[in-house]
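K.L.:
Starting off with a structure, shown below.
Laboratory data are not the source of any read-out in this text; all were calculated from the coordinates shown. None of the values given here were measured: they were computed from a predicted structure. So basically every Cβ, Gly included, is an ideal-geometry build from the backbone, and we count neighbours across all protein chains shown.
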Amino acid sequence: MSALSVLSPLSRCLPLLLMLALMAGCSSSPKVPSPAFEPGVAPGSPDTGATLSRLYQQHDDWRGTPYRLGGQSRSGVDCSAFVQMTYRDVFGLKLPRTTSQQFLVGQPISKTDLQPGDLVFFRNGNHVGIYLQNDRFLHASTRLGVTISSMNNVYWSRKYWRSIRIRP
């Protein structure tokens, strides 16, 4: 058997292998030391003013960053990476990398009990954002990049799935 005949089937699979490698990259994140947790400023904590202030600052820092599947930087970020980095930077908490892992780590709460910092999931867990206040949430939108959207928007209200609260 020649080397050419072995490479031929492999070369046909190369696009699929490259896509799988990219997707595998989405499910892991580099090891970054977490900043020290600041007591009293936690998602869902009674000190909602401090939580909101830090979340709005995160929005200011990341606003307009384009959406990129598997992205984990200011040149492009996906929704679950943005949530993961926000929880690390704002709350000093480590979250899993993917939405399917993120919705398993918190306590389920009703939509009517949402507090700043709670996670909101859409389309059976395909999209995640961070609740702010007044039915608005912070997220990395595929169309707008990092932005704030209303959960009452026709699109998001139809896609809402569930909410969780992360406790330190």
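K.L.:
Take the Cα pairs of the stretch 77-167, get the Kirkwood Rh, then feed it into Stokes-Einstein at 37 °C and 0.692 mPa s and tell me D in µm²/s. Can you show the working numbers first?
P.N.:
Values: Rh = 12.7 Å.
Rounded to a whole number, D works out at 258 µm²/s.
K.L.:
Still on this structure, I have one more. Taking the Cβ of Asp61 as the center, what net charge do the other residues with Cβ under 14 Å away carry, scoring Lys and Arg +1 and Asp and Glu -1?
P.N.:
Charge balance in the 14 Å sphere: +2.
K.L.:
Hey, another quick one. If I model a spin label as a point 7 Å beyond the Cα along the Cα-Cβ vector, how far apart are those points for Gln133 and Arg167 in nm?
P.N.:
2.4 nm
K.L.:
Counting alpha carbon pairs within less than 8 Å and at least 6 residues apart, what relative contact order, in whole percent, applies to the stretch 40-165? Write out the running numbers ahead of the final one.
P.N.:
Numbers: 249 pairs, mean separation 35.3, N = 126.
After rounding, I find 28 percent.
K.L.:
Along the charge dipole of the stretch 63-168, pointing to its positive end and built from +1/-1 on Cβ of Lys, Arg, Asp and Glu, which listed residue (Asn126, Ala81, Leu69) has its Cα farthest out?
P.N.:
Ranked along the dipole, the leading option is Leu69.
K.L.:
Could you tell me the calculated FRET efficiency between Ser110 and Ser53, based on Cβ-Cβ distance and R0 = 25 angstrom, to the nearest 0.05? List each step's numbers first, then the result.
P.N.:
On the way: r = 25 Å, r/R0 = 1.02.
For R0 = 25 Å, the calculated efficiency reads 0.50.
K.L.:
Ok, one more. Within the stretch 111-136, what residues put their amide N at less than 16 Å from the label point 7 Å along the Cα-to-Cβ vector of Ser150?
P.N.:
Within reach of a label on Ser150: 132-136.
K.L.:
Now a separate question. Going by Cα centres, the stretch 133-168 and the stretch 99-125 are how many Å apart?
P.N.:
Comparing the Cα centres of the stretch 133-168 and the stretch 99-125, I get a distance of 10 Å.
K.L.:
How charged is the neighbourhood of Asn126? Take every other residue with its Cβ under 14 Å from the Cβ of Asn126, and add Lys/Arg as +1 and Asp/Glu as -1. List each step's numbers first, then the result.
P.N.:
On the way: positive: Arg123, Arg158, Lys159, Arg162; negative: Asp78.
Result for the local shell: +3.
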